[in-house]
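The values are calculated or read from the model by the stated rules, or taken from the named source; none is laboratory data. It should be emphasised that the depicted structure is a prediction, and the values quoted were computed from it without experimental measurement. Positions of Cβ are backbone-derived with ideal geometry, glycine not excepted, and every protein chain shown enters the neighbour counts. The accessibility values were calculated without ligands, DNA or RNA, using every heavy atom of the protein model including side chains. Shrake-Rupley method; radii C 1.70, N 1.55, O 1.52, S 1.80 Å.
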Amino acid sequence: PVAGDGAGFPDLVLVRRGRILFVELKAGTGRVTPEQRRWLDELAATPADVHVWRPEDWDAIVATLR
């Protein structure tokens with residue numbers, strides 16, 4: 001877990017073969033909080049891949065992780 005002022009930090013940080021992904025996991029109806037949006041926007045301004053994944057994104061998730 002992220003300590004201190006880590007409110008809203010993405011659920012997953014995945015690293016493999018020089019690639020890094022930051023992923024926020026949401027239920028189908030889950031909403032991104034303002035704190036999460038700030039993190040995602042800041043991370044998206046880097047070369048990292050940033051995603052919000054929901055169960056209905058399963059095919060895209062599998063494709064991304066291959």
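By definition, a body whose alpha carbon gyration tensor gives a ≥ b ≥ c is oblate when a/c is 1.5 or more and a/b is not larger than b/c, and the chain fits this oblate description. Annotation: extensible slack from ARG54 through THR29 equals 8.1 nm (criterion: 0.36 nm per residue apart, minus Cα-Cα distance).
Under the convention that each Lys and Arg Cβ holds +1 and each Asp and Glu Cβ holds -1, the size of the dipole of the chain around its Cα centre is about 200 debye.
Each of ALA45, ALA27, THR64 was placed along the dipole of the chain (beta-carbon charges, centred on the mean Cα), and the one lying farthest toward the positive end is THR64.
Taking all protein chains as shown and a probe of 1.4 angstrom, THR64 keeps an accessible surface of around 30 Å². For the set ARG31, ARG54, the ranking by accessible area, highest first and with no ligand, DNA or RNA atoms included, is ARG31, ARG54 under a 1.4 Å probe. If R0 is 30 Å, the Cβ-Cβ spacing of ARG38 and LEU65 corresponds to a FRET efficiency of close to 0.70. Of ASP49, ASP41, ASP11, the residue with the greatest mean-square motion in the GNM of the chain, using alpha carbon springs below 10 Å, is ASP41.
Helix-only arithmetic for the chain: the sum of -39500 (n - 2.57) across DSSP H runs with n ≥ 4, divided by the residue total, places the mean residue ellipticity at 222 nm at -8500 deg cm²/dmol.
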